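Below is one structure, written out as structure tokens, with a few remarks after it.
The values are calculated or read from the model by the stated rules, or taken from the named source; none is laboratory data. Keep in mind that what you see is a predicted model, and the values were worked out from it rather than measured. FYI the Cβ positions are ideal-geometry reconstructions off the backbone, even for glycines, and counts take in every protein chain you see.
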Amino acid sequence: MARIGFVGLGNMGGPMARNLLKAGHQVTAFDLMPAALAAVSAAGAATASTAAAAASRAEFVITMLPAGKHVREAWLGSHAMAAATEPGAILIDCSTIDVATAREVAAGVGRPMLDAPVSGGTMGAEAGTLTFMVGGPAEAYAKAQPILAAMGRTLVHCGEAGAGQAAKVCNNMMLAATMIVTAEAFVLAEKLGLSHQALFDVASKSSAQSWALTSYCPVPGPVPTSPANRDYKPGFATALMAKDLGLSQEAAASVGLTTPMGAKAQALYQAFQDAGSGDVDFSGIIRALR
Ligand code: NAD
């Protein structure tokens, strides 16, 4: 069983750390919020008083933080985590951040580092069924596999540093545009007098089939577990989708590419968030489209 340092124990990191404990690993945790730390301590984690202390004497050190600036600051800035790690340690950042910062941090830490963002949301984090998309050296990935497998079901090694973040922004750009057009189609069906169930029964078995339709159907009824059935309580919050779309547009600009559908999706989700819907599930965009 491995010694693991874990920094960032919020909605995702908390349940991920608990799954590592369940798998028998020793976890030393740190979070700026005492309540987040107390929750994993109650599940059996040791607690550290600084991020650097959590990173020291660990074989694997994991961060699950909000954004790129937090990740840079934690590893290379005032929290000095990289300098505190043991020479043989493998560093894993599971946060969703911009590709450029992921590459900059990986190049600066002086240890093998993986960017390993996830999809699957808080439910996947609780259930240990996350998908990890991983960038970084193959040998570090091979060593980290059993650790990631304790928190997720699907692991994909996508390439060198930053490739995991690249996969994440591309995936979520596809998802956002698909959700918007799926919601538009349900609104059009309403206007044409076609029932939600009839459109679902056809599209879910036809060429328009998608995860947005069959797992997160934006109208109540056809998929009883979708957020539409609980007044769009997330699920996957609009604020997080808007953040990921912003990252996709930064990534596109960094290579001189325009992604017209991705840009439109970003504008629509940003407007939905600005209108006060940041904490609404992203399938709730159907309200704005109506
Ligand atoms: P969160 O805000 O619930 O948790 C972040 C935690 O990091 C907080 O507890 C905060 O106190 C802590 N933190 C911030 N700076 C710190 C520091 N310097 N040292 C120690 N702790 C620090 O966020 P979350 O929902 O857990 O998301 C984390 C990451 O996962 C984000 O990048 C997000 O985009 C990504 N993500 C979230 C979801 C989701 O559904 N919530 C799904 C996939 C990916």
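Points worth noting:
- Output for region 221-235, where each listed residue is assigned to a loop (DSSP other than H, G, I, E, B) and without any contact (Cβ under 8 Å) to a residue 12 or more places away in the chain: PRO224, THR225, ASP231
- Residue that is closer than 25 Å to ASP279 by Cα and charged (D, E, K, R), where the choices are LYS191, LYS233: LYS233
- Scan of region 123-147 for residues that are modelled with pLDDT of 95 or more and within 14 Å of the chain's Cα centre (by Cα), ordered by number: ALA125, GLU126, GLY128, THR129, LEU130, THR131, PHE132, MET133, VAL134
- Considering LEU213, LEU199, the condition of being within 27 Å of GLN249 (Cβ to Cβ), touching a helix residue (DSSP H, G or I) at 6+ places or on another chain (Cβ under 6 Å) and assigned to a helix (DSSP H, G or I) is satisfied by LEU213 alone.
- Matching residues, region 150-165, being more than 15 Å from the ligand (Cβ to nearest atom) and in a helix (DSSP H, G or I): ALA163
- Residues of region 89-108 that turn out to be more than 15 Å from the ligand (Cβ to nearest atom) and within 19 Å of LEU155 (Cα to Cα), as a count: 1
- The condition of being charged (D, E, K, R) and either away from the ligand (no atom under 14 Å from the Cβ) or under 22 Å from LEU130 (Cβ atoms) (or both) holds for only one of ARG3, ARG72, that being ARG3.
- Condition met for GLY256 (on the phi > 0 side of the Ramachandran plot and not charged (D, E, K, R)): yes
- Flag for LYS191 being in a helix (DSSP H, G or I), not polar (S, T, N, Q) and not assigned by TED's automatic domain parsing to the domain that holds GLU250: no
- Unmet criterion (only one of (1) in the same structural domain as LEU268 (by TED's automatic domain parsing); (2) under 30 Å from MET113 (Cβ atoms); (3) of a type in the set (Gly, Ala, Ser)) for SER226: (2)
- The set of residues from region 124-136 being in contact (Cβ under 8 Å) with a residue 12 or more places away in the chain and either surrounded by fewer than 19 Cβ atoms within 10 Å (Cβ to Cβ) or part of a loop (DSSP other than H, G, I, E, B) (or both) comprises GLU126, GLY128, THR129, THR131, GLY136.
- Test: ARG230 is more than 18 Å from THR96 (Cα to Cα), among the basic types (Lys, Arg), in contact with a helix residue (DSSP H, G or I) (Cβ under 9 Å, 6 or more places away or on another chain) and surrounded by fewer than 16 Cβ atoms within 10 Å (Cβ to Cβ): no
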